[in-house]
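Colleague: Quick one: the structure is below, questions incoming.
The values are calculated or read from the model by the stated rules, or taken from the named source; none is laboratory data. It should be emphasised that the depicted structure is a prediction, and the values quoted were computed from it without experimental measurement. Here Cβ is always computed from backbone atoms with ideal geometry, including for glycine, and neighbour counts include all displayed protein chains.
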Amino acid sequence: MTFFESHLSCKGKRNIIFSLTKTKDDNMSMNMIFFGPPGSGKGTYSDRICPGFGIPHISTGDIFRHAIAEKTELGKKVESLLKTGKLVDDKTVMNIIKERLKKPDCKKGFVFDGFPRTLEQAKELEKIAKIDLVINLNLADEILIEKALARRICEKCGNVYNIADIKRNGISMPPLLPKKTGICDKCSGKLIQRKDDNEQTLKDRLDVYREQTMPLIEYYKKRGMIKNVDVVAGPEIMVPKILAVIKKELKA
Ligand SMILES: [Zn+2]
């Protein structure tokens, strides 16, 4: 019995659509990397796309934050590195990734977000996992900055809103407004702008991203793995769009 048939015979209609979009057979996996500048929404997209494929969204940032909060050996090391403004070294990052990929939830694949960050990491990754697809999310700096400056965060619960309504050059990004101006829907907390959401910091962060990511994009482009996706709308339009790209790759 094939993967499809087993799903058709023992599961309901909802699962049929899902399994058809998922894999051709049980042995197939989908190992993906998402690249995208800060503020492009790649974390949101990964979070929404992964459950449908039954694969985890692996963010090295989340792993680091978790380790710091838990005060593990790794957490202490990462915390001291970050305090001095240093990047976590390739060897440490690779050890974390190796450990993470051993977990059973990675059997069908994964989405990396924020990794690899250096060519060295990309080369090391090749030795432990075969990457099937690299999604590169494109969005102009000017739009990213406008969006980031319009971000409002609840000072109590951290819920995020956005007051920018961007409609130009084929881009349509509606705002994410609270019901009451300046007040969080969830907890009635005050909405504030984060201190580091200022134009210069954002520009610097984007420059660092471009500089860091360009060689990686080249690396995967040479291997024919990159699919570019222009971010032109909010998640309700972009998520199906990215899914369509992935499905096309699965069929190829
Ligand atoms: Zn709140």
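Colleague: Anything in segment 136-189 that is touching a Phe, Trp or Tyr at 6+ places or on another chain (Cβ under 8 Å) and of a type in the set (D, E, K, R)? List them, or say none.
Modeller: Arg151, Arg152 - these are the residues of segment 136-189 that are touching a Phe, Trp or Tyr at 6+ places or on another chain (Cβ under 8 Å) and of a type in the set (D, E, K, R).
Colleague: So, in segment 215-237, how many residues would count as being in a helix (DSSP H, G or I) and modelled with pLDDT of 95 or more? Give the steps one after another, and end with the answer.
Modeller: The initial filter retains those residues of segment 215-237 that are in a helix (DSSP H, G or I), namely 215-222, 235-237.
The next check asks that each one be modelled with pLDDT of 95 or more; those that pass are 215-222.
Residues that pass the stated criteria total 8.
Colleague: Might you let me know whether segment 126-135 holds any residue that is farther than 20 Å from Phe35 by Cβ and either charged (D, E, K, R) or away from the ligand (no atom under 16 Å from the Cβ) (or both)?
Modeller: Of all residues in segment 126-135, those farther than 20 Å from Phe35 by Cβ come to 127.
If we keep only those that are either charged (D, E, K, R) or away from the ligand (no atom under 16 Å from the Cβ) (or both) too, we end up with 127.
Scanning segment 126-135 turns up at least one residue that is farther than 20 Å from Phe35 by Cβ and either charged (D, E, K, R) or away from the ligand (no atom under 16 Å from the Cβ) (or both).
Colleague: Another question about this same structure. Tally up the residues in segment 104-126 that are surrounded by fewer than 16 Cβ atoms within 10 Å (Cβ to Cβ), basic (Lys, Arg) and within 18 Å of Asp47 (Cα to Cα), please.
Modeller: 1
Colleague: Restricted to segment 214-235, and to residues that are in contact with a Pro (Cβ under 9 Å, 6 or more places away or on another chain) and within 27 Å of Arg168 (Cα to Cα), which residue is nearest to the ligand (Cβ to nearest atom)?
Modeller: It comes out as Gly234.
Colleague: Run down Lys195, Lys156, Lys190 and say which single residue is more than 20 Å from the chain's Cα centre (by Cα), more than 16 Å from the ligand (Cβ to nearest atom) and either among the basic types (Lys, Arg) or within 29 Å of Pro116 (Cβ to Cβ) (or both). Even if it seems obvious, please write down each step before you answer.
Modeller: Numbers: Lys156 fails: more than 16 Å from the ligand (Cβ to nearest atom); Lys190 fails: more than 16 Å from the ligand (Cβ to nearest atom).
Only one candidate passes the filter, namely Lys195.
Colleague: In segment 159-187, which residues are within 16 Å of the ligand (Cβ to nearest atom) and either assigned to a strand (DSSP E or B) or acidic (Asp, Glu) (or both)?
Modeller: So in segment 159-187, the residues within 16 Å of the ligand (Cβ to nearest atom) come out as 159-163, 176-187.
Within segment 159-187, Val160, Tyr161, Asn162, Leu176, Lys180, Ile183, Asp185 qualify.
Colleague: Of everything in segment 127-145, what is surrounded by 17 or more Cβ atoms within 10 Å (Cβ to Cβ) and farther than 25 Å from Glu249 by Cα? Give them in sequence order.
Modeller: Within segment 127-145, Ile143, Leu144, Ile145 meet the criteria.
Colleague: Do we have Arg205 as touching a residue at least 12 places away in the same chain (Cβ under 8 Å), out of contact with any Phe, Trp or Tyr (no Cβ under 7 Å at 6 or more places or on another chain), within 16 Å of the ligand (Cβ to nearest atom) and under 30 Å from Gln121 (Cβ atoms) here? Walk me through how you get there before you give the answer.
Modeller: Details: touching a residue at least 12 places away in the same chain (Cβ under 8 Å): yes; out of contact with any Phe, Trp or Tyr (no Cβ under 7 Å at 6 or more places or on another chain): yes; within 16 Å of the ligand (Cβ to nearest atom): no; under 30 Å from Gln121 (Cβ atoms): yes.
It is false that Arg205 is touching a residue at least 12 places away in the same chain (Cβ under 8 Å), out of contact with any Phe, Trp or Tyr (no Cβ under 7 Å at 6 or more places or on another chain), within 16 Å of the ligand (Cβ to nearest atom) and under 30 Å from Gln121 (Cβ atoms).
Colleague: Among the residues of segment 91-110, is any part of a loop (DSSP other than H, G, I, E, B) and within 18 Å of the chain's Cα centre (by Cα)? Spell out how you get there, then give the answer.
Modeller: At the first step, the residues of segment 91-110 found to be part of a loop (DSSP other than H, G, I, E, B) are 102-103, 107-108.
Still in the running and within 18 Å of the chain's Cα centre (by Cα): 108.
Yes; the residues of segment 91-110 include at least one that is part of a loop (DSSP other than H, G, I, E, B) and within 18 Å of the chain's Cα centre (by Cα).
Colleague: Name the pairs whose Cβ atoms lie under 8 Å apart, with the first residue in segment 136-160 and under 18 Å from Lys179 (Cβ atoms), the second aromatic (Phe, Trp, Tyr), and 6 or more positions between them or separate chains?
Modeller: From residues that are under 18 Å from Lys179 (Cβ atoms), the pairs are Arg151/Tyr161; Arg152/Tyr161; Ile153/Tyr161; Cys154/Tyr161.
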